[in-house]
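The values are calculated or read from the model by the stated rules, or taken from the named source; none is laboratory data. Keep in mind that what you see is a predicted model, and the values were worked out from it rather than measured. Backbone-built Cβ (ideal geometry, glycine too); neighbour counts: all protein chains shown.
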Amino acid sequence: MSAAPRALARSLNDRMLAGVLGGIAHRFGWQPNLLRVVYVLVSIVSAAFPGILVYLILWLLMPNEAD
């Protein structure tokens, strides 16, 4: 029997700015630094992906881990 998946929440321990990408990485079992690099690269390369805007929206919508 596997453990229940973690809720999607901003990380309190693994954060660079607000913990959004750290929280997403922990939720899906990914490496946080790799996710950050991929997110920045996709944001720079793709004009259709407004990375800063998406990050700010997630910052507002995602609760902290402690909440």
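Find the residue count for region 55-67, including only residues that are farther than 14 Å from Met16 by Cα and modelled with pLDDT of 90 or more.
The number of residues fulfilling the criteria is 5.
Examine region 32-42 for a residue that is surrounded by 13 or more Cβ atoms within 10 Å (Cβ to Cβ), closer than 12 Å to Ser11 by Cβ and hydrophobic (A, V, I, L, M, F, W, C), and state whether such a residue exists.
yes
When you scan region 27-67, how many residues do you find that are over 14 Å from the mean Cα position of the chain (by Cα) and touching a residue at least 40 places away in the same chain (Cβ under 8 Å)?
2
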